[in-house]
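One structure is given below, encoded as structure tokens.
All of the numbers you see were taken from the coordinates with simple rules; none came from a lab. No experiment lies behind these values; they were computed from the predicted model shown. Cβ placement follows ideal geometry from the backbone for every residue including glycine, while neighbour counts extend to all protein chains displayed.
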Amino acid sequence: MPLPRYVLAPTHLTGDVFGWQLNRDGQFLDCHEGFAENFDRDVEAAMDWAEQIIGTRQDWRHTREGGPDRWIAADDRAAAGTDVLRSLEPGTLVVAVGPGASGKSTFAAEAGIVTVVCLDSLREQIGGDAGDQSVTPAAVVEQDILLEKHLSEGTTLYLDSTNVEVTVRAGLVERARRHGRPVVALRFLPHLDTCHARNRERPANRQVPADVLAWQHSLALAATPKALLAEGFTAAHDIVTPL
């Protein structure tokens with residue numbers, strides 16, 4: 001089904017108080033007091049507020065068609081969940097793209113994916129601690145060995161790591177191409193506040209430093225489905241995750 005159509009618009013609340021109103025598919029969701037009379041100063045804050053309610057990052061498009069200023073978040077992509085896996089060709093390399101605590105591992109568990117290569121799990125196997133970054137280089141070597149094995153065998157594989165860097169993804173696309181395998185990107189991008197909240201609930205050894213998490217989130221934000229397709233992915237989907 002199509003993603004909900006969200007509309008964010010400045011509104012006159014009461015007296016001299018201005019703010020923002022958020023609607024979904026024509027239905028009122030909420031109002032937020034702000035400085036709607038000064039778009040340049042307040043629109044980014046209004047978008048952040050709206051995305052906290054929606055629960056995921058949106059691609060806002062400004063319009064004045066048919067009335068005053070409005071920002072519309074609407075597209076014709078399917079709202080992807082675990083059902084996106086049903087259309088995969090056998091032997092597909094599925095690459096998760098998203099910051100820490102964005103729902104990548106939860107998605108794999110809920111989807112019942114049989115073959116998963118997870119960098120956290122490899123760190124635990126090698127060093128006994130999934131959060132021990134000192135063994136990451138060894139874990140990446142093991143990840144590459146497993147990728148080569150599964151791609152050679154034609155196994156449908158889910159790669160559970162952040163993969164937010166363009167250079168990392170380029171290597172994965174090239175590896176899949178060498179084996180003649182489709183490569184599909186699944187982008188996980190809840191609001192940054194949601195990622196921080198989930199991150200704080202993790203065991204101490206699994207928590208990502210706040211500045212690193214923000215950096216990962218900014219890179220994932222730039223990795224739009226359109227950008228991922230331009231990188232060579234066979235298909236790319238935004239995965240809608242709950243708050």
Given the range 92-229, report the % of alpha carbon pairs whose separation exceeds 28 Å. 13
With charges only on Cβ, +1 for K and R and -1 for D and E, what is the dipole size of the chain about its Cα centre, in debye, rounded to 20? 660
Please list, by residue number, everything in the range 164-203 whose backbone N is under 18 Å from a paramagnetic label point 7 Å out along Cα→Cβ of L146. 164, 169, 172-173, 175-176, 184, 186
Correct option for Rg and Dmax of the Cα atoms in Å [calculated from the coordinates] among (1) 17.3, 53; (2) 20.1, 68; (3) 19.1, 59: (2)
Based on the Kirkwood radius over alpha-carbon pairs, what value in µm²/s does the Stokes-Einstein equation return for the translational diffusion coefficient of the range 107-170 at 10 °C and 1.306 mPa s? 127
Based on DSSP, what percent of beta bridges with both residues in the chain are antiparallel, to the nearest 5? 55
Given a Förster distance of 22 angstrom, what is the FRET efficiency for I126 paired with E153, based on the Cβ-Cβ distance and rounded to 0.05? 0.45
Separation between Cα centres of the range 203-222 and the range 99-147, rounded to whole Å: 16
In degrees, nearest 10, the alpha-carbon axis of helix 136-153 is tilted away from the dominant principal axis of the alpha carbons of the chain by 80
On C-alpha positions alone, give me the angle between the axis of helix 210-222 and the longest principal axis of the chain, in degrees, nearest 10. 80
